[in-house]
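Read the structure below first, then the notes.
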Amino acid sequence: MKRKTLIRVLIAEGILLAALSLLTLMIPTLFSSLLSFPLEQIALGMRSLSLTGTVGNGVAMLLIALSALIPLFFALRYPGGRETLAERIALFVLALILPVALYGILNPGMFYGKIPGGIESYERALRVFLSTSVWTVLILFVVLRLIRLFRNGNREQLFRYLRNILCALCIYFTAQLVINLFVSILTPAGTEMSTAGFIHGLLSLIAVIVPLVLDILVALRMLALLETAATEEQEGLTEAAGKLSRLSCITLAVTSGLTALLYIAQVLLLPQLSNVSTEVNLPITDLFFVLVILLLSRLLIENKQLRDDNSLFI
């Protein structure tokens, strides 16, 4: 995926997630959570079909049973052998969990549990739980497939896989950014917020949003560097890697600085805060991601300089 196309995809993703975030507040019975989309809406559509009568109920049950055939189709078409065994097992597990999740959302009475907040709260929590179980198995399959591809790929294939991963990370960072932003804006405060509480909340939001924006910029800059590195001449590689290194250093400094500022501010505002979070959220994942990108950019510079020196020697 080219960078311009990726940027358009990220903009469309942000608009879609913003709309879904609004729908979770406006129509919670249909959009209980972003995590339950789109499985929840599919299952509720089948519930509406099943309530039309005996024929509708039979069609809905048939569609739920047939949903298992989707992952089974891919599993049976997969090449055999030990290398793909784990992926095929993940697809078979998905074939088992998918109809169970759909039927559980359609008929929540089949599950029993003690969830506070009444039936409505129970059903919303159940939808999120069942949808997330499907997503986790699907993610497991993707990870297992990536491991196999990485182990067997050549240089060109590895560059292509790395570009795809960076695109996926951009999509993930954008999702985190939009969700955190809308949760902070749309979540109503239980009591009137004090000035200290507002400052603390604003700093908390900034400490989350700004690093995510910088992570997206780093990933986009890395994509530009990979496009240059994939060419035979690698013209402009050193300059592109230098820009990426500077942006990575800025990202590391800003992310660490905002985290430190947030907790220092929380200590200073502690006497005026009515609600203090004891959870410690350190941006280890973000810092590790940018550090890996920084090291990779430096390695590409060193490799380019080595190639240039060898060309001069020859």
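The values are calculated or read from the model by the stated rules, or taken from the named source; none is laboratory data. All of these numbers come straight from a predicted model, not from anything done at the bench. Glycine gets a Cβ as well: all are built from the backbone with ideal geometry, and neighbour counts include every protein chain shown. Surface areas here come from the heavy atoms of the whole protein model, side chains and all, with no ligands, DNA or RNA. Shrake-Rupley method; radii C 1.70, N 1.55, O 1.52, S 1.80 Å.
Worth pointing out:
- Leading residue by the ranking (modelled with the lowest pLDDT) among those in the range 212-238 that are within 26 Å of the chain's Cα centre (by Cα) and open to solvent by 70 Å² or more (accessible area, probe 1.4 Å): 227
- Test: residue in the range 58-67 that is exposed (fewer than 15 other Cβ atoms within 10 Å of the Cβ), aliphatic (A, V, I, L, M) and not in a helix (DSSP H, G or I): no
- If you go through the range 134-157 and keep only what is closer than 30 Å to residue 38 by Cβ, touching a residue at least 60 places away in the same chain (Cβ under 8 Å) and open to solvent by 70 Å² or more (accessible area, probe 1.4 Å), you end up with just 135.
- Scanning the range 68-89 for residues that are over 18 Å from residue 146 (Cβ atoms) and open to solvent by less than 40 Å² (accessible area, probe 1.4 Å) returns a single hit, 68.
- Pairs with Cβ under 6 Å, 6+ apart, first in the range 239-256 and in contact (Cβ under 8 Å) with a residue 60 or more places away in the chain and surrounded by 14 or more Cβ atoms within 10 Å (Cβ to Cβ), second of a type outside the set (Lys, Arg) and part of a helix (DSSP H, G or I): 241/225; 241/297; 241/300; 241/301
- Condition met for residue 16 (surrounded by 17 or more Cβ atoms within 10 Å (Cβ to Cβ) and within 20 Å of residue 135 (Cα to Cα)): no
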